[in-house]
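Report on the following structure.
The values are calculated or read from the model by the stated rules, or taken from the named source; none is laboratory data. Quick caveat, the model's predicted, so the values are computed rather than measured. Quick reminder, even Gly has a Cβ in these numbers, built from the backbone with ideal geometry, and neighbours come from all protein chains shown. We work out accessible area using only protein heavy atoms, side chains counted, and drop any ligands, DNA or RNA first. Shrake-Rupley method; radii C 1.70, N 1.55, O 1.52, S 1.80 Å.
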Amino acid sequence: TPDNLRFEDPFEDEFEPEEVMDEENEEMEHVDENGNDDGKSGSDGKVQSWNPLTSEGLEPGTKLEVDESAYKMHHSLTPEWPALSFDIIRDSLGDARTRFPHSMIVAAGTQADRVDRNKLTIMKLSDLCRTGAKEKSEKELEDEILGEEYNKEEDSDEEEEDEEEDEIGELDPVLEHFSLKHNGGVNRVRAMPQKPEVVATWSDAGKVNLYNIRGILDSFERSSGGEGGSSRKFSRDPFFVYQGHSTEGYAMDWSRAKEGHLATGDCDGNIHLWTPTEGYSNYSNSSFKVTNAYGPSGGNLDNPSVEDIQWSPTEGTVLAAAECGGYIKIYDTRCAGRAMLTNKIHENSSDVNVISWNPIISNLLASGGDDGLFSVWDLRNFQSVDAPPKPLARFTCHKKPITSLEWHPSDESMIVVSDEDATYIYDLSIEEDEEEKRDEGEAAGDGSIPPQLLFVHCGSESTKEAHWHPQITSLVMTTALSGYSAFIPSNL
C-alpha cells in the first residue's frame, strides 16, 4: 500500500572504522617475564603507551613491546660486550640518502669484563630495509579518489618501482665486522670528519689511541662490489699511542674547521691539543704533536673534570668544554693557558655531562646536565659579566641524567637527546601556544610533555650515546647496555 511503500538500496553501505592513533610516537605494552599482562594496560585490556617523561617507573622484569608502525626503519643488534661510545663513519655513497635499503659503517669500543678482552670494532651494517608501514604515494592517494584505472598506462613505471621496493623489503640485514686490539675499556670513540679512516679512542687506562682503518674500509667496499683500492693487510694495533694525560678521560673531539686538529680532556681538568705534523697522513707515531694547553681554572678547582669537548664548526681556533660543577668554558687556542669565557650555567653545581655545537647556527650551543636539565644557549650572551647567562630554552622534564645530545646535521632546529631511559627527538622551531600555556602551566615544568618533543625511542637499558647519521636523512643510532639500535621515525 502507499503507506508502507519505501525505497530499498540493494547495495548496503560499508563503513571502515577510523583508526585512531595515540599521540605518543611509540605504543608500549607492559608484560611480565612470562609474557603475561602486568595489569598496566588499563581496565579495558587495551594497550597503553609508556613515556618515561610522564609515566611511572617500570617494575623490575617489566618488558616493553614496541609498535613498529612508529618507525620507517628499526633494527637492533646485541653485541658480545656493551659499548659506552661509538661513532658513525662517513662513506662514499652520497649525502641526503632516503632510498631503502640503507648501509652504514660504525666504529664502537667495548666495555668488557676484563682489560685484555676489550676491542675497537668496525662494523658495516647493510641491507637495512624498511620495517614500518610504507607511506602512501601520491599515486595511491589519487587512485583512492579516482579509481585504479585512471592514468594506468602513465603509472606503469611507478608500479615497477613499487614492486622492486617490495622485493628489497624482504632482505635480511647483513653485518660485517673487524675487531682491533684495545688496551683497556673504551670511554670515547671519534672518527676524523675529513679522513674517516683515522679513529681516535679514549681508554680507561689513561691513553689516547689513533687507529688507521683504511684497509678495513677498502675491504667493506670490495665486499659490496666497489673497487675499494688494492687488497692489503692492515694493522690491528694503533699507529699512535699518547700517554701524556695524568688520568683517564671522556672528552674528545675532532675539529671540522681544521683537518687533523684534535682536543682531549681528562678527569683532572686538563685539555691537550693535537696538531698534525708535516706528512702526518703517513700515520706513524710522529704524525701528531700534542701539548698540554689548559688546566683547572676559573673557580672550579675542587672538581674540574672535563666531561665533554666541542670544537666550533666555523672557527678553527675556538672550542668549548663542559665541566663538573656546572661550568662551560670557551677557549681560543691563540690564547694560551686560560679560558676566554667561563660561566657556571647550573646554580646547583650539577655536572654538565655533554654539549653540542650547532653546525648551522654557530652561536647556538646545547648542554645536558647530571640533574636532567637540557638547555640551549646563545653564546653571544656568554660575554655578560653582570649575571649568569639565561638559556634560550630549557627543558626540565627529564627525570634521569642527560647522557648524550647532538644537533641534526642539516636541520638547525632539530636535536636528539638521550637519558638513561630513552632517546628523544626535539624540534625547537615549534612554538608553544600561549593560550594553552596559560591554561595548562608552563610546558615541561609541571611534568607535561613539551610541544617540541617529536619522538621517543624506548626499550633500551641505560642509553649512553645517540648520533644522527651524517648522510642518511633522519637516521639515528644509539648504544646502550642492552645493545645498539638504528631507526628512522615515521614522523620525520
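Taking region 191-208 as the range and being open to solvent by 10 Å² or more (accessible area, probe 1.4 Å) and in a strand (DSSP E or B) as the test, only Ala191 passes. Across region 52-78, the number of residues qualifying as part of a loop (DSSP other than H, G, I, E, B), open to solvent by less than 40 Å² (accessible area, probe 1.4 Å) and in contact with a strand residue (DSSP E or B) (Cβ under 6 Å, 6 or more places away or on another chain) comes to 1. Based on what the data block shows, is Leu373 open to solvent by 50 Å² or more (accessible area, probe 1.4 Å) and either within 19 Å of Ala466 (Cβ to Cβ) or in contact with an Asp or Glu (Cβ under 6 Å, 6 or more places away or on another chain) (or both)? For Leu373, the condition - open to solvent by 50 Å² or more (accessible area, probe 1.4 Å) and either within 19 Å of Ala466 (Cβ to Cβ) or in contact with an Asp or Glu (Cβ under 6 Å, 6 or more places away or on another chain) (or both) - is not met.
State which residue is modelled with the lowest pLDDT when the search covers only region 214-235 and only residues that are under 13 Å from His177 (Cα atoms) and among the charged types (D, E, K, R).
Only one residue fits best here, namely Glu221.
Cβ-Cβ contacts under 9 Å between residues 6 or more apart (or on different chains), taken from a first residue in region 248-269 that is free of Cβ contacts under 8 Å to residues at least 12 places away in the same chain to a second residue that is in a loop (DSSP other than H, G, I, E, B) and charged (D, E, K, R), are absent.
Step by step: first the residues of region 272-311, then only those that are of a type in the set (Asp, Glu) and within 18 Å of Trp202 (Cα to Cα), then the one that is farthest from the chain's Cα centre (by Cα). Which residue is that?
Glu307
Counting only strands (runs of 3 or more DSSP E) that fall entirely inside region 337-387 and contain at least 2 residues that are under 20 Å from the mean Cα position of the chain (by Cα), the qualifying elements are 352-357, 364-369, 374-378.
Yes/no matrix, rows are residues, columns are (1) more than 19 Å from Thr78 (Cβ to Cβ); (2) open to solvent by 40 Å² or more (accessible area, probe 1.4 Å); (3) of a type in the set (Ser, Thr, Tyr):
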site	(1), (2), (3)
Gln452	yes, no, no
Cys458	no, no, no
Ala466	no, no, no
His469	yes, no, no
Ala480	no, no, no
Ser485	no, no, yes
Asn491	yes, yes, no
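Is it fair to say Arg236 is assigned to a loop (DSSP other than H, G, I, E, B) and more than 29 Å from Ala322 (Cβ to Cβ)? Spelling it out, Arg236 is indeed assigned to a loop (DSSP other than H, G, I, E, B) and more than 29 Å from Ala322 (Cβ to Cβ). Which ones in region 299-322 are open to solvent by less than 50 Å² (accessible area, probe 1.4 Å), out of contact with any Pro (no Cβ under 6 Å at 6 or more places or on another chain) and of a type outside the set (A, V, I, L, M, F, W, C)? Hits for region 299-322 are Asn300, Ser305, Glu307, Asp308, Gln310, Ser312, Gly316, Thr317. If only residues of region 240-289 that are in contact with a helix residue (DSSP H, G or I) (Cβ under 8 Å, 6 or more places away or on another chain) and part of a loop (DSSP other than H, G, I, E, B) are counted, the one that is surrounded by the most Cβ atoms within 10 Å (Cβ to Cβ) is Ser287.
Is it true that some residue in region 397-415 is over 21 Å from Glu307 (Cβ atoms) and not in a loop (DSSP other than H, G, I, E, B)? Steps first, please.
From region 397-415, those over 21 Å from Glu307 (Cβ atoms) are 397, 408-414; that's our starting set.
When the remaining residues are screened for being not in a loop (DSSP other than H, G, I, E, B), the result is 414.
Looking through region 397-415, at least one residue is over 21 Å from Glu307 (Cβ atoms) and not in a loop (DSSP other than H, G, I, E, B).
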